[in-house]
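Colleague: Structure below; questions to follow.
Any read-out appearing in this document is the output of simple, stated calculations on the displayed coordinates, not a laboratory observation. Everything numeric here is computed off the predicted structure, so don't read it as measured data. Every residue, glycine among them, receives a Cβ derived from its backbone with ideal geometry; neighbour counts consider all protein chains shown.
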């Protein structure tokens, strides 16, 4: 049975200065932010059906397995960094972060999240 997402936040930045941040809260909407030489941002509504689809993306890409991952290479001045925080209506959470480190399947999960949020850029303009 799929769980109900209460809030979601995924922020990623790379050594080239590119940043993206997807965050939403049930009943409050969706915020998108991206920087890749120019800043792009938007805000719009997100439906229960959208949140259910986001949960399917999380499950299908084993993103919940990232929970508890925390590896920060503090000796490195540059590198990719990311933070994921998901809360559910039943109070369960997924919290993970990394700097120059990522769990198995991270690239696939990150790509799936980007694909999920891509259509919202038009809605949130």
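Colleague: Full extension from residue 118 to residue 28: what is 0.36 nm times the residue separation minus their Cα-Cα distance, to one decimal in nm?
Modeller: Extending this stretch completely gives an extra 30.5 nm.
Colleague: In terms of the Cα gyration tensor, with a ≥ b ≥ c the square roots of its eigenvalues, is the range 17-68 rounded because a/c is under 1.5, prolate because a/b exceeds b/c, or oblate?
Modeller: The shape class here is oblate.
Colleague: With each pseudo-label sitting 7 Å past Cα toward Cβ, what's the residue 35-residue 71 distance in nm, one decimal?
Modeller: For the pair residue 35/residue 71, the computed spacing is 2.7 nm.
Colleague: What is the spin-label model distance, in nm, from residue 125 to residue 56 if the labels are put 7 Å beyond Cα along the C-beta direction?
Modeller: Between residue 125 and residue 56, the label points sit 2.7 nm apart.
Colleague: Calculated from DSSP H runs of 4 or more alone, at -39500 (n - 2.57) each and per residue, what is the 222 nm mean residue ellipticity of the chain, nearest 500?
Modeller: -6500 deg cm²/dmol
Colleague: Moving on to the next point. I want the antiparallel fraction of DSSP beta bridges within the range 5-119, as a percent rounded to 5.
Modeller: Within the range 5-119, antiparallel bridges account for around 90 percent of the total.
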